[in-house]
Structure formats: C-alpha cells, structure tokens
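To start, the structure itself, in structure tokens.
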Amino acid sequence: MRIITMALAAAFLATAAEARELALSFDDAPRRGTALMPGPDRASRLLVGLERAGVTQAVFFANSNRADDEGLARLRAYAAAGHLIANHSATHPHLRDMAPEAYLADIAAADRVLRSLPGFRPWFRFPFLDEGDTPAKRDAVRAGLAAMGYAQGYVTIDTYDWYIDHIANEAAARGDALNMEALGALYVEAIVASANFYDGVAAAHLGRSPRHVLLLHENDLAAMFIPQLAAALQADGWRIVSADAAYADPIA
C-alpha cells in the first residue's frame, strides 16, 4: 500500500511540475463599438467574464488616442477590478513605416496619458508585433524604450482572435445570422491550438515551458467567450497566472 501511495504521489508531483502557465493580455484597448456591441458593453461583459473565469489579473495594452472620457473610464474600470494597464502606443503605427524618433514620440504621447492610471505598468508592446524593417531601427527603439524606463511587453503565444472577430463583425454588419455556438467553439479551439503550438516551440528552444503571455485583443469575441476559453485552457492542462508573474519569467 505504501508503494502505491508513493507512486501516486510521485505521479502527482510530476504532473504539477509539468503544469503549463500563461497570462492573458488584451491589445488595442479601449476599442470602439462595433456591429456586435458598443464599447462600454464590451468592457462590462469582459470584466464579468474574467471574474467568472477566475482571472484576477490580466493586462490591457492601451492606445491613448482611443482614451477619451469614455475610454478612460473603461481603462479605470479594468484597473479597479485588479487588472493592469500598459502602453501600446498612441496611434498604433507600424515601426517599419516610421523613423525611430517619430515612433518613440508616439510612445511618449501614450505614456503621458496612461502612466497616471491605476494599475499602470511600464511595459510596451509593439503594434502589429512590428519591431521594424531593419536591425538598426529595432535597436534604436529598444534603446529609447529602456531610456524611458520601459520593459518589453512581449508575447509568447500569438493568435488570430482578431481575424475571427473581424469576420464575425463583417457578417453582423451585413445583417447575416451568426451561429454563436459555432463561433465560440472556433474561437476557443483556435486559441487553445495556438497555445499548444507555441508552447512546443518554446520547449524545443528553451528546454522548458516558460510562463507564457497569450496575445488576445479587447474585442467582442473575448467579451462573449472568455469563460469558455479559460475553461478549455484549464481542461487542457494550462494554469492561468497573473501578468506580473508571467513577466517575471527568466525570458523577460
């Protein structure tokens, strides 16, 4: 009996040691209203969904040019619920289309709006994950960010949630009927598959599974299906951790 107990304990410890972890991050907050729902409704539903999913700390990468009074109220609501706010630029530009100096000025403009918000972290995420078309441009912006006291708001798991949301909104704008159950299943399946794929890439290069940062967007499908996504990730062996914990991983 003791041998069986020890074997079960060893199996449990091995499973726990192999548990995969990720944090949720949402780009492009606070997005405007769409054919599917107004912006304030999206924020309210997303907050309810995160709470229902047991997610106590996600991070919202914000664009300051969307932060009018209503947009700022939404960012403050996220922060009041325990979530974090970080910098995603003022105007969401491509670095490949700009000089480093102009790009850094755009980041600084966002910083002036966002830094005073509760829950702010000095993390910057490149819009489109575009770090420029030359190493020199990339390095100049990285150096400028460091001089501003910013760390990289990197992602380790990319997804196409934005494209699924875009197609759904195009259909809604045309007046097409949407099969919401099938749409939710597609959203969840695609993101879980992405998480598993990129974890395999990380394990192959690092020899371990890091604390991942999952790229999502503050969009309508997130507002509708975050509880289902969280449940599917957990059923697949993932543990959802805080953004602070993920960005404390040694790869940061």
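Read-outs throughout are calculated quantities, based only on the coordinates presented, and are distinct from any laboratory measurement. From a predicted model like this one, the values you see are computed outputs, not experimental measurements. Note that each Cβ is placed from the backbone with ideal geometry, even for glycine, and that neighbours are counted across all protein chains shown.
Rounded to whole numbers, the Karplus 3J(HN,Hα) couplings from phi for segment 202-219 are 4, 4, 5, 8, 9, x, 7, 9, x, 6, 7, 10, 8, 7, 10, 10, 6, 10 Hz, using 6.51 cos²θ - 1.76 cosθ + 1.60 with θ = phi - 60°, and x at Gly and Pro. When only Cα pairs below 8 angstrom with a gap of at least 6 residues are kept, segment 102-209 shows a relative contact order of 23 percent. Taken along its three principal axes, the alpha carbon spread of segment 137-179 comes to 50, 19, 18 Å, from the longest extent down to the shortest.
Can you compute the FRET efficiency between Q234 and N179 using 1/(1 + (r/R0)^6), with r the Cβ-Cβ distance and R0 = 30 Å? Round to the nearest 0.05. If you can, show how the numbers build up before the last one.
Working: r = 25 Å, r/R0 = 0.83.
For R0 = 30 Å, the calculated efficiency reads 0.75.
Residues whose amide H comes within less than 5 Å of that of A23, counting only those at least five positions distant or on another chain, are H212, V213, L214, V241 (H built at 1.01 Å from N in the peptide plane).
Computed on segment 63-147, with alpha-carbon pairs under 8 angstrom and 6+ residues apart, the relative contact order is 36 percent. Its convex hull of Cα atoms gives segment 132-252 a direction-averaged projected area, equal to a quarter of the hull surface, of 9.7 nm². The orientation-averaged shadow of the Cα convex hull for segment 95-161, equal to a quarter of the hull surface, comes to 5.3 nm².
Relative protection proxy for 58-68, 97-107, 121-131, from highest mean packing down: 58-68, 121-131, 97-107 (other beta-carbon atoms within 10 angstrom). Database remark: amide H of H217 closer than 5 angstrom to the amide H of D27 (H placed geometrically; neighbours at sequence offset of 5 or more, or on other chains; Pro and chain starts carry no H).
Each residue of segment 76-82 is assigned a 3J(HN,Hα), and the resulting list reads 5, 5, 4, 5, 5, 7, x Hz, derived from the Karplus form 6.51 cos²θ - 1.76 cosθ + 1.60 (θ = phi - 60°), x at Gly and Pro. Distance from the C-alpha centroid of segment 117-143 to that of segment 179-194: 30 Å, rounded to the whole angstrom.
Across segment 19-246, Cα-Cα pairs more than 31 Å apart make up 20 percent of the total.
In order along segment 113-126, the Karplus-derived 3J(HN,Hα) couplings, from 6.51 cos²θ - 1.76 cosθ + 1.60 at θ = phi - 60°, round to 8, 8, 4, 7, 6, x, x, 6, 10, x, 10, 10, 10, 5 Hz, and Gly and Pro are given as x.
When each of the peptides 136-142, 225-231 is scored by the mean number of other C-beta atoms lying within 10 Å of its residues, the order from highest to lowest reads 225-231, 136-142. Computed from point charges on the beta carbon alone (+1 for Lys and Arg, -1 for Asp and Glu), the dipole magnitude for segment 19-246 about its Cα centre is near 600 Debye. Its relative contact order, with pairs defined as Cα atoms under 8 Å and 6+ residues apart, puts the chain at 30 percent.
Near T34, the amide H atoms lying under 5 Å from its own belong to G39; only residues 5 or more places off or on other chains count, and H is placed 1.01 Å from N.
Sorted ascending by nearby beta carbons within 10 Å, beginning with the fewest, L178, L233 become L178, L233. The Rg/Rh ratio of segment 185-252, with Rg taken over Cα atoms and Rh as the Kirkwood radius over Cα pairs, comes to 0.97.
The Cβ shell under 14 Å around M180 holds other residues with a net charge of -3, Lys and Arg each +1, Asp and Glu each -1.
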